Amino acid sequence: MQKSSKFPHKFANQADHKEREVFVVDSNKLCRASLRRKVFESENLIRAGECSYEDDIVTKISEASPDLAIFSSFVLSDELFAKLEKIKIENPLLKIFIITRAPDETEFFKLAKLGIRAYCLSNYPEEKLEFIIRKVLNGDYYFDECMSNFFAKVISNMSALGCMPIDKPVDEQFGITEREQEVLLSAIKYNTYKEIGKHLFISKHTVKVHLTSVYRKFNVNNKLDAILKMLEVKFGIKI
């Protein structure tokens, strides 16, 4: 009998029936074996290859030419970042999924600029892995909700990233009002309608109305996707 999941294939579509190749990077053989068991039991996900961080990952990934590369037990270094940059240059369509044991702000900022598709902690529920992989392979992004404070710092430190607001304001592009922008940016730091409302001196009902309006105008379904969209349209950063 098929095991039930708390993470239904919300993003399932015709693309899910296409075979996708996945490459796994982890220096621990047991971790790679665990990922093999979790990933490649899934329908239409094919093993493109695997290696450790000590191997020539640029050559191995380029030769395998996978749809997705999973970097598990990830710890960023200057040498590894240079390799990732080269991998992205040689494989521009490759989607990268980072699994880290301890999220780091500097690491996240650098990887976000590189264009990673997913970044999450290693303690995710086992049944969630396929959900994340399929979400990424279908062209979406996945970042743990605990990354919200990182997005807040991205927005507040745009000059440090070498980014300036783009010429055409968000309100002209999507009709997002100044108040709606304030509510969305506050939603990065505060988790509930009540907390956001208290911060902005408005009711939680008003918060919900503003966020619902933002989701509709951005054509997204949740706070995280709306934040990503805001980064793209307000500052020209496509994460």
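Every read-out reported here was derived from the displayed coordinates using simple, explicitly stated rules and does not represent laboratory data. Keep in mind the model is a prediction, meaning the values are calculated, not measured. Glycine gets a Cβ as well: all are built from the backbone with ideal geometry, and neighbour counts include every protein chain shown.
Okay, here's what the table says:
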item: Prolate/oblate/rounded label for the range 16-86 (Cα gyration tensor, a/c 1.5); result: oblate
item: Relative contact order [Cα under 8 Å, 6+ residues apart], the range 14-143, whole percent; result: 24
item: FRET efficiency, LYS29 to GLU127 (Cβ-Cβ, R0 25 Å, nearest 0.05); result: 0.60
item: For the range 14-143, average projected area of the Cα convex hull in nm²; result: 7.1
item: Which of VAL220, VAL22 has the fewest Cβ neighbours within 10 Å, and the rest in rising order; result: VAL220, VAL22
item: LEU80-LYS208 pseudo-label distance in nm [points 7 Å out on the Cα-to-Cβ vector]; result: 4.3
item: Built amide H within the under 5 Å cut-off of ILE116, gap 5+; result: none
item: Taking PHE201, PHE81, PHE97, PHE131 and counting other C-beta atoms within 10 Å, the order from fewest to most; result: PHE201, PHE81, PHE131, PHE97
